[in-house]
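Visitor: Just dropping this structure here.
The values are calculated or read from the model by the stated rules, or taken from the named source; none is laboratory data. Owing to the predicted nature of the structure, the values given are computational and were not obtained by experimental measurement. Please note: Cβ atoms are built from the backbone with ideal geometry, for glycine as well, and neighbour counts cover all protein chains shown.
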Amino acid sequence: MTATSSTLDGRWRAGLTGLLAAAAGIAVAELLASFGDPGSGPAVAVGGVLVDAAPTPVKEFAVRTFGTADKPVLLSGVAVGIAAVAVVVGLLAARRRWFGLAGAALFAVAGAAAAVSRPSAGLLAALPSLAGGVATALALSALNRRRASGTDPATEDPATEDPASESPATDDPATGHPASEGPEGRQLDNAQPAGDEPTSSGVRGRVAPAPGKGLRGPGTPDVAGFDRRAFLQAAAAVSAVTVAAGAGAVVTRRVRGGAASRDREAVRLPAPAEPAPPLPAGQDPAFVTANRDFYRVDTALTVPRVDLESWRLRVHGRVEHPLTFTFAELLQRPLIERHITLNCVSNEVGGPYIGTAKWLGVPLAPLLREAGVDPGADQVVARSVDGMSIGTPVRTVLDTADVMLCVGMNGEPLPLEHGFPVRMLTPGLYGYAGACKWLTELELTTFGAFDAYWVSRGWAARGPVKTASRIDRPASFGHVRPGAVPVAGVAWAQGRGIDKVEVQIDDEPWRPADLLPVPSTDTWVQWRLTWTATPGPHTLRVRATDRTGTVQPEQRATPFPDGATGWHTVTVTVDD
Ligand SMILES: Nc1nc2c(c(=O)[nH]1)N[C@H]1C(S)=C(S)[C@@H](COP(=O)(O)O)O[C@H]1N2
Ligand SMILES: [Mo]
């Protein structure tokens, strides 16, 4: 049996036809999308809809299980789903042409609807998917025509070039030889005009006598082989279009992403009017989290690429004077620089979604005062270029000196992943309640009138950070030598400040840890303690007390709906 005849089984080819056609459609759609809003491409748009529609527990599970790989995992899932639908459409299209057209239309409409429904999208976002649907339909009909061309059920027989399949085909169909299913389907399908039922008994009956078989010897021109070649040629052509369009989409994205990166690299941040207070001596270098190590949590399937020229920040809603700023105008305002710890409400006890950076930005309170906030407005809703909304209490913004519109992080312009060109930052609030990235507008409104993105999904409307602490060394389930073992970690209660950190080993009394100095109450505190370890398994736990006297509660709570609680506990084995 030749490889070709064994693999180009009719059903296999029908499925392949669906896959190739769908891939061509997606590639064409993504190419068009790459010139406009890259988020309007069908794969990313459908993924975005799934992200937004996913129930909170599913999102929690995804973040917990896949961490920052949650986005590639989701996109792969979308790809597998589309591929499965495409194969089914291909199989159906081999039977009835209109199934294929309906499949292509469904694909186009689903992609278009998803794209248009994205918060940042207009009606134009439908175009890539619609064009992709047309490309899919064209590819389907080209492939199906090739599958059907030049064939005559009576004269066409793959068995001619495939002696091994001769015997079942010869025995069958008249005798109903049971082993004939596969080869017969293959044979019949080669012979099929598209639109006929490849495996129906009716067709089988028609081909059953296979009179052609005897007419063509091994040297006879092989109609089926020609058919195959034509199909393969069409498949190659469709694949070439797919590869070319896909490559075009990737290149265009790169070029435009490169433009955003170049915009960022060209930014010259002015010196702050108020530099960050120098870090007190005795700081561990891990106090500041490097940009590349800083956790990233957002719903963006592709990092938004903001064009700096056309970017604007609008301040509007319940204000006396709506304001609009270009990036250059923001940079002209006096800038402050502060060390601030940012953490995610989804962080589990002991989890990694927390970091401290030196942020540079425009203080927000004076800017809001210039806009003249209506006394009735109690919520500032920050919106991003990708449609995120994050609501922060007006009181918090006006009363907290260091709430800012950040333009710099650790001495660089904001990294693209962390919100270039501008993000908000509210010390003391979890990121979902005060740290909108890729900021584009601030709307003054009320909590009664609008639920921000996560609030409409059940999370608390206000997100003050809970007093908490974490053990970083020794690692959980780690092994240490007996004797003096350094125990260290961080504790945080942004806005209130940390008063005390205590560590308990097994059932011994709580022992106070040493606290390293901090520049303000808005950062985490590094703590350390020396433990004289004795051989055997041990349990270490930590708890913090903030400067209001609140002790981190022992009671375990899940991150949903307003942040995890509980004492971080690690188990360590001390080896002999
Ligand atoms: N535009 C936008 N801003 C966003 C988010 C988002 O999904 N989109 N996520 C928020 C959440 S939940 C957190 S914890 C912080 C994380 O900021 P980072 O990724 O810079 O660490 O960003 C906040 N700002
Ligand atoms: Mo978050």
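Visitor: How many residues does the stretch 505-527 hold that are more than 37 Å from the chain's Cα centre (by Cα) and not aliphatic (A, V, I, L, M)?
Guide: 9
Visitor: Let me ask something else about it. Looking for whichever is surrounded by fewer than 16 Cβ atoms within 10 Å (Cβ to Cβ) and over 30 Å from residue 369 (Cβ atoms) here; the options are 314, 254, 305. Which one fits?
Guide: Every option except 254 fails the conditions.
Visitor: Okay, moving on. Here is a list: 337, 348. Which entry is within 16 Å of ligand 1 (Cβ to nearest atom) and out of contact with any Gly (no Cβ under 7 Å at 6 or more places or on another chain)?
Guide: 348
Visitor: Taking residue 504, is it assigned to a strand (DSSP E or B), under 21 Å from residue 349 (Cα atoms) and touching a helix residue (DSSP H, G or I) at 6+ places or on another chain (Cβ under 7 Å)?
Guide: When the stated conditions are applied, residue 504 does not pass them.
Visitor: With respect to residue 315, determine if the residue is assigned to a helix (DSSP H, G or I), over 30 Å from residue 524 (Cβ atoms), more than 21 Å from the chain's Cα centre (by Cα) and aliphatic (A, V, I, L, M).
Guide: So residue 315 fails the test.
Visitor: Checking the structure you have, find out if any residue of the stretch 255-266 is at pLDDT 95 or above and of a type in the set (S, T, N, Q).
Guide: No, the stretch 255-266 contains no residue that is at pLDDT 95 or above and of a type in the set (S, T, N, Q).
Visitor: Moving to a separate point now. Looking at the stretch 300-319, is at least one residue touching a Cys at 6+ places or on another chain (Cβ under 9 Å) and touching a residue at least 12 places away in the same chain (Cβ under 8 Å)?
Guide: At the first step, the residues of the stretch 300-319 found to be touching a Cys at 6+ places or on another chain (Cβ under 9 Å) are none.
The answer is no; no qualifying residue exists.
Visitor: Quick check on this structure: which one of 513, 533 is more than 30 Å from residue 433 (Cβ to Cβ) and either loosely packed, with under 13 Cβ neighbours inside 10 Å or not aromatic (Phe, Trp, Tyr) (or both)?
Guide: After ruling out the rest, the residue left standing is 533.
Visitor: Got a sec? Which of 116, 109 is surrounded by fewer than 20 Cβ atoms within 10 Å (Cβ to Cβ), in the same structural domain as residue 12 (by TED's automatic domain parsing) and closer than 20 Å to residue 51 by Cβ?
Guide: 116 is the lone residue from the list that is surrounded by fewer than 20 Cβ atoms within 10 Å (Cβ to Cβ), in the same structural domain as residue 12 (by TED's automatic domain parsing) and closer than 20 Å to residue 51 by Cβ.
Visitor: Could you tell me whether residue 548 is polar (S, T, N, Q), in contact (Cβ under 8 Å) with a residue 12 or more places away in the chain and in a strand (DSSP E or B)?
Guide: no
Visitor: Pairs under 8 Å by beta carbon, first residue closer than 18 Å to residue 45 by Cα in the stretch 87-109, partner of a type in the set (Ser, Thr, Tyr) and buried (at least 24 other Cβ atoms within 10 Å of the Cβ), six or more apart or different chains?
Guide: Between residues of the stretch 87-109 that are closer than 18 Å to residue 45 by Cα and residues that are of a type in the set (Ser, Thr, Tyr) and buried (at least 24 other Cβ atoms within 10 Å of the Cβ), the close pairs are 104/136; 107/129; 107/136; 108/129; 108/136; 109/129.
This table checks each residue for (1) farther than 30 Å from residue 476 by Cα; (2) touching a Ser or Thr at 6+ places or on another chain (Cβ under 9 Å).
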| site | (1), (2) |
| --- | --- |
| 303 | yes, no |
| 317 | yes, yes |
| 321 | yes, no |
| 327 | yes, no |
| 332 | yes, no |
| 339 | no, yes |
| 346 | no, no |
| 350 | no, yes |
| 354 | no, yes |
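Visitor: Name the single residue that is farthest from ligand 1 (Cβ to nearest atom) among those in the stretch 440-463 being touching a Ser or Thr at 6+ places or on another chain (Cβ under 6 Å) and closer than 11 Å to residue 381 by Cβ.
Guide: Taking the candidates together, the pick is 452.
Visitor: A further question follows. Looking only at the stretch 303-358, which residues are charged (D, E, K, R) and under 16 Å from residue 403 (Cα atoms)? Before the answer, list the steps.
Guide: Kept after step one, since they are charged (D, E, K, R), are these residues of the stretch 303-358: 305, 307, 309, 312, 314, 318, 320, 329, 333, 337-338, 348, 358.
Hits for the stretch 303-358 are 333, 337, 338, 358.
Visitor: Another question about this same structure. I'd like to check something: does the stretch 484-492 contain any residue that is surrounded by fewer than 17 Cβ atoms within 10 Å (Cβ to Cβ), more than 17 Å from residue 546 (Cβ to Cβ) and either within 16 Å of ligand 1 (Cβ to nearest atom) or modelled with pLDDT of 95 or more (or both)?
Guide: Scanning the stretch 484-492, I find at least one residue that is surrounded by fewer than 17 Cβ atoms within 10 Å (Cβ to Cβ), more than 17 Å from residue 546 (Cβ to Cβ) and either within 16 Å of ligand 1 (Cβ to nearest atom) or modelled with pLDDT of 95 or more (or both), so the answer is yes.
Visitor: If you go through the stretch 359-374 one residue at a time, do you hit one that is within 28 Å of the chain's Cα centre (by Cα), away from ligand 1 (no atom under 16 Å from the Cβ) and more than 15 Å from residue 442 (Cβ to Cβ)?
Guide: no
Visitor: Shifting gears a bit: Using beta carbons and a limit of 7 Å, which pairs, at least six apart or on different chains, have the first residue in the stretch 413-441 and of a type in the set (Gly, Ala, Ser) and the second one at pLDDT below 95 and away from ligand 2 (no atom under 15 Å from the Cβ)?
Guide: Between residues of the stretch 413-441 that are of a type in the set (Gly, Ala, Ser) and residues that are at pLDDT below 95 and away from ligand 2 (no atom under 15 Å from the Cβ), the close pairs are 428/400.
Visitor: Scan the stretch 340-372 for residues that are within 16 Å of ligand 2 (Cβ to nearest atom) and among the acidic types (Asp, Glu) and report the count.
Guide: Matching residues across the stretch 340-372 total 1.
Residue by residue, here is whether (1) buried (at least 24 other Cβ atoms within 10 Å of the Cβ); (2) within 14 Å of ligand 2 (Cβ to nearest atom); (3) among the polar types (S, T, N, Q) holds:
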| residue | (1), (2), (3) |
| --- | --- |
| 374 | no, no, no |
| 377 | no, no, no |
| 383 | no, no, no |
| 410 | no, no, yes |
| 424 | yes, yes, no |
| 443 | no, no, no |
